[in-house]
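Peer 1: Questions regarding the structure given below will be posed in turn.
The values are calculated or read from the model by the stated rules, or taken from the named source; none is laboratory data. None of these values were measured; they are calculated from a predicted model. FYI the Cβ positions are ideal-geometry reconstructions off the backbone, even for glycines, and counts take in every protein chain you see.
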């Protein structure tokens, strides 16, 4: 019953807070700006992350008795929210955003004692990072923070994605006996759910950088600290859960490099753009597909804890299908078609063989007799 409260109470608080947040945003003109990449029209407030953060921090301090054990995580959350909020209302330069992410990561690494010291690989292989663990952890936290910020391009996408990931982490933590982070996950998921009621298409408010960076930071930190001491692959599970934003960011880097563009250059080649435009699914369809794919990766991660061999077979199938989607939509480049080209060759050979067999089996017409 207490676990349900951890989710429902912040959901209610966040949903109620959205009302004054929208009013304040309209008063001060904190709107999302339209450009060639946006899909919304009109003045829509972009500081919904204020409600998420307030509900999350308030409910964490109220519901979790030993919240001091999460002090590093909560301090980092406050830092990342502050820099995100300033970016939403002042449009900070990218350098200042990275500084905020670095400071937030520093808080959780050195105050919260969260660091990726080792990675357990298959066949008993263990990688010990030693002093490099801090560098790897910084890259992980800052990278995931920006990756989730990048997928916040459609109504309800980042919020729904984050809820699915956080609830999956709860299930996995319960399965492997790592229950310390479950309350934090449920409170953050509930705080995001209250916001999602107003953010699903057609959105009445956006979370902004103060929301998307907060969610990215929290998920990146929780995914490391929540599975400390587990015997299964340390980083494999978080990568599976966050496969959508990680792959989307990685593909964007490759795509822009091939086009000779800067890595930071915006474009409409992200996964949600492909689903919405190339596959013609629209906003709701694209978001629901990403929800389902995220849940599928979450199921694969859960399955991996139970049966590694079956999970790896499922993962191979998913990866092949995902690569075929990348080739079909041209997310990297129209020239990248290894699997589809191979299938085209097989189909051509099959069609040629079928035509040859049909020609052999076709009976000859009897010669006409001359009268």
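Peer 1: Could you grab the pairs with beta carbons closer than 8 Å, sequence gap of 6+ or different chains, first residue in segment 227-245 and crowded, with 24+ Cβ neighbours inside 10 Å, second one in a loop (DSSP other than H, G, I, E, B) and modelled with pLDDT of 70 or more?
Peer 2: What qualifies is 245/151.
Peer 1: Scanning for something over 25 Å from residue 160 (Cβ atoms) and in contact with a helix residue (DSSP H, G or I) (Cβ under 6 Å, 6 or more places away or on another chain), does segment 252-273 turn up at least one residue?
Peer 2: Looking through segment 252-273, at least one residue is over 25 Å from residue 160 (Cβ atoms) and in contact with a helix residue (DSSP H, G or I) (Cβ under 6 Å, 6 or more places away or on another chain).
Peer 1: A further question follows. Can you tell me which residue within segment 265-298, out of those that are surrounded by fewer than 21 Cβ atoms within 10 Å (Cβ to Cβ) and in contact (Cβ under 8 Å) with a residue 60 or more places away in the chain, is nearest to residue 247 (Cα to Cα)?
Peer 2: 269
Peer 1: So residue 239 fits all but one of (1) under 21 Å from residue 55 (Cβ atoms); (2) assigned to a helix (DSSP H, G or I); what number is the exception?
Peer 2: All conditions are met except number (1).
Peer 1: State which residue is surrounded by the fewest Cβ atoms within 10 Å (Cβ to Cβ) when the search covers only segment 106-136 and only residues that are modelled with pLDDT of 90 or more and closer than 12 Å to residue 224 by Cα. Step through it out loud before you land on a result.
Peer 2: Filtering segment 106-136 down to residues modelled with pLDDT of 90 or more leaves 106-111.
Now narrow it down to the ones that are closer than 12 Å to residue 224 by Cα: 108-109.
Working: 108: 30, 109: 21.
Per the criteria, the residue is 109.
Peer 1: Also, quick follow-up: So residue 289 fits all but one of (1) part of a loop (DSSP other than H, G, I, E, B); (2) modelled with pLDDT of 85 or more; what number is the exception?
Peer 2: Result: residue 289 passes all but (1).
Peer 1: Same structure, new question: For segment 179-211, give me each residue that is under 22 Å from residue 89 (Cβ atoms) and part of a loop (DSSP other than H, G, I, E, B).
Peer 2: Hits for segment 179-211 are 203, 204, 205, 206, 207.
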